[in-house]
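S.K.: Sharing a structure here in structure tokens format.
The values are calculated or read from the model by the stated rules, or taken from the named source; none is laboratory data. Worth saying up front: this structure is predicted, and the values here are computed from it rather than measured. In this analysis, Cβ positions are derived from the backbone assuming ideal geometry, glycine residues included, and neighbour counts consider all displayed protein chains.
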Amino acid sequence: MQPTVIGSKVHVLCSYSCGSAAGQNMVTKATQHACEMLRHSLAHKYSIRGFLIEGQLASDKKPSWGNVKKPRGVETLVWGTISPDACREVLGCTTDQLYATQQILKEGGIRNGQFGCNVNPINIIAAMFIATGQDPASTAEASWSHLTSELHPKTGALTMSLYLPSLPVGTIGGGTGLPMQREALKMLKCDGEGAEQKQRLAGLIAAFGLALDVSTSAAVTNDTFTASHMRLGR
């Protein structure tokens, strides 16, 4: 529990471990009971006049720096290395060109005051949240991510990473019990209880998000981005 005094009010941020569930309903219920207990048992001593279950300090379904500094959900980091040969053959550009594009994208994002540094992993996050029974509205706090690129000066290999501090996902509860969503979790080997399943799901979302960032930045680099959107009707 972390108190923050704002004017004459005290906001208390309650943190929980939710096991295999994403836990939004779980923490709401637990916090409600805790606040009611404190209000009745300590009201006279501390002059507690009332409480609100939500004070916006948790940033539920909203992006915020608070969820970057103190993760809400599963904190995830993925990375991979692209060889010069694979980059030319699969992505249609050199690693030097791809690296240069990503630096230009980062510079434009900084000038624009962009929140986070990435290409478009939110497409993957939104799709997988819906497919696996997560709360689609929670893509808001899950959308912040940090993409990094490092070009090896000798080998020309490009190493990229994607950091997502707050992925509020679960493998039980809520929409995960729906037939199609349960089937999707089984396909990903993420169904059922256990910390491993929950962490695996978060890792897969991040890995696919990184793959999309690589693909999209490559399409921008080799000038196929617009044509592919026109051809596929995106």
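S.K.: Report yes if some residue within the range 153-165 is surrounded by 14 or more Cβ atoms within 10 Å (Cβ to Cβ), more than 20 Å from Leu77 (Cα to Cα) and in contact with a Ser or Thr (Cβ under 8 Å, 6 or more places away or on another chain); otherwise report no.
M.R.: Taking the range 153-165 first, the residues surrounded by 14 or more Cβ atoms within 10 Å (Cβ to Cβ) are 156-165.
If we keep only those that are more than 20 Å from Leu77 (Cα to Cα) too, we end up with 156.
Those left that are additionally in contact with a Ser or Thr (Cβ under 8 Å, 6 or more places away or on another chain): 156.
Yes.
S.K.: Quick check, is Cys93 at pLDDT 90 or above, in a loop (DSSP other than H, G, I, E, B), in the same structural domain as Ala157 (by TED's automatic domain parsing) and within 26 Å of Ala206 (Cβ to Cβ)? Even if it seems obvious, please write down each step before you answer.
M.R.: Numbers: at pLDDT 90 or above: yes; in a loop (DSSP other than H, G, I, E, B): yes; in the same structural domain as Ala157 (by TED's automatic domain parsing): yes; within 26 Å of Ala206 (Cβ to Cβ): yes.
It is true that Cys93 is at pLDDT 90 or above, in a loop (DSSP other than H, G, I, E, B), in the same structural domain as Ala157 (by TED's automatic domain parsing) and within 26 Å of Ala206 (Cβ to Cβ).
S.K.: Now a separate question. Out of all the residues in the range 206-214, is one or more part of a strand (DSSP E or B), small (Gly, Ala, Ser), in contact (Cβ under 8 Å) with a residue 12 or more places away in the chain and outside the structural domain of Ala21 (by TED's automatic domain parsing)?
M.R.: Keep residues of the range 206-214 that are part of a strand (DSSP E or B), which gives none.
No, the conditions are met nowhere in the range 206-214.
S.K.: Name, by its number, the condition in (1) modelled with pLDDT of 90 or more; (2) more than 24 Å from Ser166 (Cβ to Cβ); (3) not in a helix (DSSP H, G or I) that does not hold for Gly50.
M.R.: If we test Gly50 against (1) modelled with pLDDT of 90 or more; (2) more than 24 Å from Ser166 (Cβ to Cβ); (3) not in a helix (DSSP H, G or I), just (1) comes out false.
S.K.: Cβ-Cβ distance below 7 Å, separation of 6 or more or different chains: which pairs start in the range 47-65 with a residue that is of a type in the set (Lys, Arg) and end on one that is surrounded by 15 or more Cβ atoms within 10 Å (Cβ to Cβ) and modelled with pLDDT of 90 or more?
M.R.: As it stands, the answer is Lys61/Ser138; Lys61/Ala140; Lys61/Glu141; Lys62/Ala140; Lys62/Glu141, since those pairs meet every condition given.
S.K.: Among the numbered criteria (1) buried (at least 18 other Cβ atoms within 10 Å of the Cβ); (2) at pLDDT 95 or above; (3) more than 19 Å from Tyr163 (Cα to Cα), which one does Ser217 miss?
M.R.: (3)
S.K.: Do you know which residues across the range 173-221 are at positive phi and not small (Gly, Ala, Ser)?
M.R.: Across the range 173-221, the qualifying residue is only Lys189.
S.K.: If Met180 meets every condition in (1) outside any loop (DSSP other than H, G, I, E, B); (2) in contact (Cβ under 8 Å) with a residue 60 or more places away in the chain; (3) not β-branched (Val, Ile, Thr) apart from one, which number is that one?
M.R.: (2)
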